[in-house]
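Asker: Take this structure first; my questions come after.
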Amino acid sequence: MNHEMILVLDFGGQYNQLIARRVRECNVYCEVHPYTMALEQIRAMAPKGIIFTGGPNSVYDPASPHYDPAIFDLGIPILGICYGSQLMAYSLGGTVETAPVSEYGHTEVTVDKRDALFEGVAENKNSSTVCWMSHTDYIAKAPEGFIITAHTPVCPVAAMACEARKLYATQFHPEVMHTEEGFRMLQNFVRRICGCAGDWRMSSFVDTTIRELRERIGNGRVLCALSGGVDSSVAAVLLSKAIGKQLTCVFVDHGLLRKNEGDEVEEVFGPNGAYELNFVRVNAAERYYAKLAGVTDPETKRKIIGEEFIRVFEEEAKKIGAVDYLVQGTIYPDVIESGLGKSAVIKSHHNVGGLPSVVDFKEIIEPLRMLFKDEVRKAGLELGIPARLVYRQPFPGPGLGVRIIGEITPEKVRMVQEADYIYREEVEKAGIGKELGQYFAALTNMRSVGVMGDFRTYDYAIALRAVYTSDFMTAEAARLSWDVLMKVTNRIVNEVKGVNRVLYDCTGKPPGTIEFE
Ligand code: XMP
């Protein structure tokens with residue numbers, strides 16, 4: 001890609017992704033690379049600017065991440081943030097010490113000199129602006145040639161700059177929302193200081209990617225596992241636009257999809273859809289139900305569903321024969337995260353990670369590996385994929401299998417599909433879907449006594465779940481309107497045979513998880 005680019009050099013900070021996102025919000029392309037990236041590589045990459053992220057270490061600890069000080073002589077503008085600012089100070093002869101008092105959270109910063117970074121910032125009578133601090137070390141003395149451009153009562157060098165060398169540093173985090181004028185500062189850095197034009201647009205990404213895919217693939221054959229989720233759909237359409245019928249998409253309908261979902265995917269990607277590609281739908285529901293009969297343990301269910309997916313896909317891949325490329329819907333957060341330590345397995349996630357071992361292919365293609373989720377959606381709209389598909393809520397690989405507590409039967413699948421459909425319909429009608437991170441119905445394994453007409457019933461209870469979340473790592477139960485809940489409850493108990501009770505899940509994550517199994 002020959003776009004103007006900002007390089008984010010990652011020193012282990014928790015906000016590294018956020019910095020990249022903010023830069024892209026300035027319409028400037030940006031990549032995150034580990035601080036171990038060689039100087040030669042950086043030179044070859046020729047970024048228009050470099051940002052050093054924060055990080056948990058102390059620069060004077062010999063084991064902490066450092067960088068060859070020759071980077072400051074490349075003539076490329078650099079912005080150091082938090083640890084990155086301390087590293088800049090330390091490497092250029094300034095002094096970094098443990099601060100007498102750590103600063104954490106909202107902090108009023110006084111701007112002493114409105115340099116290019118602070119242009120249009122803190123324009124009030126105190127020249128102050130609220131910033132987000134999170135540090136225990138600080139720059140006690142700026143290196144020679146630098147001027148102090150901001151301070152706080154605790155922090156003598158909240159920001160410094162050497163304008164002649166285009167080196168800038170902030171002790172606070174401009175990338176987080178709590179830094180009220182942070183976006184302006186980042187925009188000043190990438191636009192004014194680095195001179196980026198800010199012409200990174202989704203349309204240009206789409207056009208360039210299609211061209212590049214076409215060149216790379218030539219006459220090759222490509223295989224893609226299509227789930228109907230936004231990532232694999234956008235990847236499939238990019239490839240279809242690039243190479244048409246050289247692409248085969250295999251869509252495994254495991255019988256655990258939401259109501260009508262299999263047909264909806266077929267409508268978009270199948271022979272009557274708008275795209276040129278080979279579409280293979282495998283209706284494997286019976287196979288899955290047979291394997292899952294009598295199984296109640298959540299992890300065993302997940303494993304069976306995951307393994308069966310691989311087997312079904314393997315069979316289809318064999319029919320197609322050897323291919324040149326296998327598509328993976330990896331997106332940028334996965335790429336950035338993959339370098340980090342693994343946390344404890346709470347649930348074994350089912351994705352297509354196991355595919356490479358069963359498909360005869362030469363290379364993997366990941367057309368979305370540089371995009372954040374919202375950018376994938378933008379690319380999807382740009383490519384003409386229907387909005388209902390582009391804005392589809394996240395749906396777990398094992399599907400309704402993890403929304404039916406205990407044993408899975410076709411009858412239970414029907415109940416949860418119908419209830420979920422009603423729930424989604426009413427939430428959409430009420431126009432409240434956009435605020436919710438995720439919402440769905442699950443079937444509890446609880447049966448209870450009820451009365452319908454003059455008859456006793458002994459039927460299942462549906463649990464409704466709706467959460468506010470932005471990262472899906474933590475979530476809060478949504479305060480759904482009582483009217484909507486009542487409407488949904490009435491419809492479910494009246495319309496879904498086998499259900500006589502509806503419950504609402506008020507649990508957050510933690511301690512709950514979003515899904516039930
Ligand atoms: P939990 O239940 O772990 O869910 O709080 C967090 C998010 O991940 C989704 N999820 C999955 N996605 N394969 C997936 O691709 C899975 O096995 C899986 N399990 C959970 C869940 O829907 C939520 O968005």
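Asker: Expected output is a single nm value to one decimal: the length gained when fully extending between Ala290 and Phe472, i.e. 0.36 nm times separation in residues minus the C-alpha distance. What is it?
Answerer: 62.3 nm
Asker: What number, rounded to the nearest 500 deg cm²/dmol, is the helix-based mean residue ellipticity at 222 nm of the chain, given -39500 (n - 2.57) per DSSP H run of at least four residues and division by all its residues?
Answerer: -9000 deg cm²/dmol
Asker: If I stretch the segment between Leu503 and Ile364 completely, what's the gain in nm (0.36 nm per residue apart, minus their alpha carbon distance), one decimal?
Answerer: Answer, rounded to one decimal: 45.6 nm.
Asker: Using modelled amide H (1.01 Å from N, peptide plane; none on Pro or chain starts), what sits under 5 Å from the amide H of Ile404, excluding residues fewer than 5 places away?
Answerer: It is Leu443, by chain and number.
Asker: Which residues' amide hydrogens lie under 5 Å from the amide hydrogen of Val252, considering only partners 5 or more residues apart or on another chain, with H built in the peptide plane?
Answerer: Leu226, Val282
Asker: Only four residue types carry charge here, +1 at the Cβ of Lys and Arg and -1 at the Cβ of Asp and Glu. Report the dipole size of segment 453-492 about the Cα centre in Debye, rounded to the nearest 20.
Answerer: With only Lys, Arg, Asp and Glu charged at Cβ, the dipole is about 80 debye.
Asker: Counting other Cβ atoms within 10 Å, which GluC sites (Glu not before Pro) in segment 252-281 have at most 15 and lie in a DSSP loop?
Answerer: Glu276
Asker: Sticking with this one: In terms of the ratio Rg/(2.2 N^0.38 Å) built on C-alpha atoms, what value belongs to segment 148-240?
Answerer: 1.75
Asker: If you don't mind, there's one more thing I want to ask. Summing +1 for each Lys or Arg and -1 for each Asp or Glu, what net charge is found among the other residues whose Cβ lies under 9 Å from the Cβ of Gly401?
Answerer: +2
Asker: Show me, for segment 393-402, the HN-Hα J-couplings you get by feeding each phi into the Karplus relation (A = 6.51, B = -1.76, C = 1.60, θ = phi - 60°), rounded to Hz, glycine and proline as x.
Answerer: Those phi angles translate into 5, x, 9, x, x, x, x, 5, x, 9 Hz.
Asker: Would you pull out the residues with amide H under 5 Å of Ile365's amide H, same chain only if 5 or more places away, H placed 1.01 Å from N?
Answerer: Correct list: Leu326, Val327, Gln328.
Asker: Can I ask one more? Any idea of the accessible area per residue across the chain, 1.4 Å probe, to the nearest Å²?
Answerer: With the other protein chains kept in place, the chain gives 44 Å² per residue.
Asker: How much of the accessible area of the chain, probe 1.4 Å, is carbon plus sulfur, in whole percent?
Answerer: Heavy-atom surface of the chain belonging to carbon and sulfur, 1.4 Å probe: 51 percent.
Asker: Right, another one. Counting pairwise Cα distances across segment 403-504, what percent come out greater than 17 angstrom?
Answerer: Taking all Cα-Cα pairs of segment 403-504, the fraction more than 17 Å apart is 51 percent.
Asker: Let a ≥ b ≥ c be the square roots of the eigenvalues of the Cα gyration tensor of the chain; is it rounded (a/c under 1.5), or, if not, prolate (a/b larger than b/c) or oblate?
Answerer: prolate
Asker: Which part of segment 131-149 falls in the paramagnetic zone of Thr98, meaning amide N under 12 Å from the point 7 Å along Cα-to-beta-carbon?
Answerer: The answer is 136-138, whose backbone nitrogens lie closer than 12 Å to the label point.
Asker: Hey, another quick one. Determine how large the accessible area of Arg214 is when every protein chain is in place; take a 1.4 Å probe and give Å² rounded to the nearest 10.
Answerer: Probe radius 1.4 Å; accessible area of Arg214 about 120 Å².
Asker: Where does each of 372-381, 310-319, 473-482 land if you order them by average Cβ count within 10 Å, highest first?
Answerer: For the peptides 372-381, 310-319, 473-482, the packing ranking is 372-381, 310-319, 473-482.
Asker: Could I ask something else about it? Starting from the Cα of Asp68, step 7 Å along the direction of its Cβ; do the same at Glu212; then give the gap between the two resulting points in nm.
Answerer: Between Asp68 and Glu212, the label points sit 2.5 nm apart.
Asker: Excluding residues fewer than 8 places away in the same chain, name every one of the lysines whose C-alpha is closer than 29 Å to that of Lys141.
Answerer: Straight-line reach from Lys141, under 29 Å: Lys48, Lys113, Lys125, Lys166.
Asker: In percent, how large is the relative contact order of segment 403-504, given Cα pairs closer than 8 Å and 6 or more residues apart?
Answerer: Relative contact order for segment 403-504 comes out at 29 percent.
Asker: Could you give the length gained by full extension between Met37 and Gln393, i.e. 0.36 nm per residue of separation minus their alpha carbon distance, to one decimal place?
Answerer: Answer, rounded to one decimal: 124.5 nm.
Asker: Take each complete run of DSSP H in the chain, measure how far its Cα atoms stretch along the helix's own axis, and keep only those covering 15 Å or more with mean Kyte-Doolittle hydropathy at least -1.0; list them.
Answerer: Taking the DSSP H segments of the chain (at least 15 Å long, mean hydropathy at least -1.0), we get 202-217, 230-243, 298-320, 482-495.
Asker: In terms of the Cα gyration tensor, with a ≥ b ≥ c the square roots of its eigenvalues, is segment 1-143 rounded because a/c is under 1.5, prolate because a/b exceeds b/c, or oblate?
Answerer: oblate
The values are calculated or read from the model by the stated rules, or taken from the named source; none is laboratory data. Note that this is a predicted model, so its numbers are computed, not measured. In this analysis, Cβ positions are derived from the backbone assuming ideal geometry, glycine residues included, and neighbour counts consider all displayed protein chains. Protein only, heavy atoms only, side chains kept; ligands, DNA and RNA dropped before computing areas. Shrake-Rupley method; radii C 1.70, N 1.55, O 1.52, S 1.80 Å.
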